[in-house]
Amino acid sequence: MSDIDHKYIIPHRLDDPPKFLWWDFDVAILFMGCVVIGIMTNQTMTFSGLGVVVAMSYQKLKAGRSRAFGLHALYWYLPTSFGFRITPPSAVREFIG
């Protein structure tokens, strides 16, 4: 036996999105955000349950869509352009030209 006898986890596909436990990372961020709000308001169990509901609802909403569905939704519904110069604001729905 050699000194280096470790087991490494090798991803099956290179294009797999990052995971946290069994959720995709963006879904886990929604859950964690609700838990943090619950800790700040001293209602951890209520907001943990709400976080599970929100995370599972978002996971069902994005099923079968692009992996960047959350970014697309943020661009479309938020009033800011995130500092991009090339991308037009989402409020501009029709272009002349």
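The values are calculated or read from the model by the stated rules, or taken from the named source; none is laboratory data. These figures come from a predicted structure and were not determined experimentally. Cβ sites come from the backbone with ideal geometry, for glycine too, and all protein chains shown count toward neighbours.
Among the criteria (1) at pLDDT 75 or above; (2) loosely packed, with under 10 Cβ neighbours inside 10 Å, the one MET1 does not fulfil is (1).
Residue-wise test of (1) at pLDDT 85 or above; (2) exposed (fewer than 15 other Cβ atoms within 10 Å of the Cβ); (3) assigned to a helix (DSSP H, G or I).
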residue	(1), (2), (3)
LEU14	no, yes, no
ALA28	yes, no, yes
PHE31	yes, no, yes
ALA55	yes, no, yes
LYS60	yes, yes, yes
LEU71	no, yes, yes
PRO88	no, yes, no
